[in-house]
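The values are calculated or read from the model by the stated rules, or taken from the named source; none is laboratory data. None of these values were measured; they are calculated from a predicted model. Here the Cβ positions follow ideal geometry from the backbone for every residue, glycine too, while neighbour counts run over all protein chains shown.
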Amino acid sequence: ESLLEVKNLKKYYPINKGFFNKTQGFIKAVDDISFSVNKGETFGLVGESGCGKSTTGRSLLRLIEPTAGEIWFEGQDITKLSMEEMRRRRREMQIVFQDPFSSLDPRNTVQRILEEPMIVHGVGDAKQRRAAVERLADVVGLAKAHLQRYPHQFSGGQRQRIGIARALALQPKLIIADEPVSALDVSIQSQVINLMQDLQQEFGLTYIFIAHDLSVVKHICDRVAVMYLGRIVEVTDKHKLYDE
Ligand code: ADP
Ligand code: ADP
């Protein structure tokens with residue numbers, strides 16, 4: 001059963017030049033791609049830098065607006081939603097970024113960072129949220145005592161745990177992980193990947209896992225789509241990946 005169906009998705013960025021900032025043409029970052037992701041699946045999106053992976057990931061949540069195409073999430077085409085409705089829908093679709101440092105507000109404690117999505121979406125009262133934050137810390141292996149610290153006081157691997165905990169705060173169905181381990185030491189990469197796999201089991205999550213390097217996703221993906229110059233050139237399933 002599919003959770004997400006992407007049909008003919010396109011994202012063209014205008015190239016603006018000159019005094020009048022006139023559009024000179026378009027970069028076809030995502031150029032007519034279609035794929036579907038099943039419930040509970042880990043779907044890999046791989047390809048060299050610049051092939052359109054991040055643009056795809058962000059377009060799926062409408063963090064950037066697609067130029068064309070349909071995105072069916074649980075039977076609803078979310079490209080048709082107003083921004084207000086889309087913001088509400090994002091409870092169920094979260095993103096984890098490559099560099100959690102740039103997306104974790106340096107002025108906030110981890111407690112506040114993890115609580116924020118719940119405040120924005122009006123989840124629970126202060127006491128319930130505090131309890132939820134402690135559970136989240138527990139789930140990703142952060143010490144409760146560290147909740148009063150700030151992002152810069154953590155290592156890269158711990159920051160990614162915070163990024164993952166934040167993405168989980170609203171109990172989403174889909175997590176788009178955009179190169180979540182690329183910025184981490186190799187020794188830490190497998191810890192974070194193992195954590196993500198455990199969480200998937202525990203919470204029945206569906207993942208879209210973006211990576212530039214096939215070796216990172218090979219072991220954890222059920223299927224992998226390979227992108228090249230804005231297009232999906234191949235979708236391979238797990239058994240075939242292991243043969244190669
Ligand atoms: P990937 O994630 O695979 O590295 P991206 O989606 O980041 O690829 O980029 C795809 C293409 O779109 C690249 O040519 C990139 O330079 C271009 N691009 C990405 N973001 C923007 C933007 N905000 N404005 C203009 N071009 C962009
Ligand atoms: P980057 O530094 O990788 O470019 P940003 O921190 O600029 O990423 O975040 C891009 C957008 O995504 C921002 O509008 C931000 O509010 C939003 N965002 C950040 N974290 C999440 C999340 N977990 N789920 C959904 N949206 C998020």
Does the range 185-194 include one or more residues that are closer than 18 Å to L4 by Cβ and either more than 14 Å from the chain's Cα centre (by Cα) or buried (at least 19 other Cβ atoms within 10 Å of the Cβ) (or both)? no
Log entry, pairs with first residue in the range 124-135 being surrounded by 11 or more Cβ atoms within 10 Å (Cβ to Cβ), second being not hydrophobic (A, V, I, L, M, F, W, C), beta carbons closer than 6 Å, six or more apart or on different chains, reads R129/E115; V133/Q111; V133/E115; E134/K144
Checked against (1) aliphatic (A, V, I, L, M); (2) surrounded by 22 or more Cβ atoms within 10 Å (Cβ to Cβ); (3) in contact with a Lys or Arg (Cβ under 8 Å, 6 or more places away or on another chain), V37 satisfies every condition except (3)
| said: Please determine whether any residue of the range 79-95 is under 26 Å from H219 (Cβ atoms) and more than 16 Å from ligand 2 (Cβ to nearest atom). | reply: no
From the option list H121, H152, single residue qualifying as out of contact with any helix residue (DSSP H, G or I) (no Cβ under 7 Å at 6 or more places or on another chain) and more than 26 Å from A183 (Cα to Cα) is H121
Problem - Boolean, D125 is closer than 24 Å to A145 by Cβ and modelled with pLDDT under 95 - result: no
>> When you scan the range 18-30, do you find a residue that is among the hydrophobic types (A, V, I, L, M, F, W, C), crowded, with 21+ Cβ neighbours inside 10 Å and closer than 21 Å to P180 by Cβ, even just one?
In response: yes
With the first residue restricted to the range 165-190 and required to be over 25 Å from E92 (Cα atoms), and the second required to be more than 15 Å from ligand 2 (Cβ to nearest atom) and modelled with pLDDT of 90 or more, Cβ contacts under 6 Å at 6 or more apart or on different chains are L184/G157; I188/G157
The helices (runs of 4 or more DSSP H) lying entirely within the range 1-118 that contain at least 1 residues which are within 16 Å of ligand 1 (Cβ to nearest atom) and under 25 Å from I162 (Cβ atoms) are 53-60, 100-103
Only unsatisfied item for L174, checking (1) more than 16 Å from ligand 1 (Cβ to nearest atom); (2) touching a helix residue (DSSP H, G or I) at 6+ places or on another chain (Cβ under 6 Å); (3) over 19 Å from R135 (Cβ atoms); (4) of a type in the set (A, V, I, L, M), is (2)
Open item on the list: Residue under question is E134, and the condition is that it be in contact with a helix residue (DSSP H, G or I) (Cβ under 8 Å, 6 or more places away or on another chain) and of a type in the set (D, E); does it hold?
Closed with: yes
Taking the range 37-71 and keeping only residues that are away from ligand 2 (no atom under 16 Å from the Cβ) and hydroxyl-bearing (S, T, Y), one is left with T42, T67
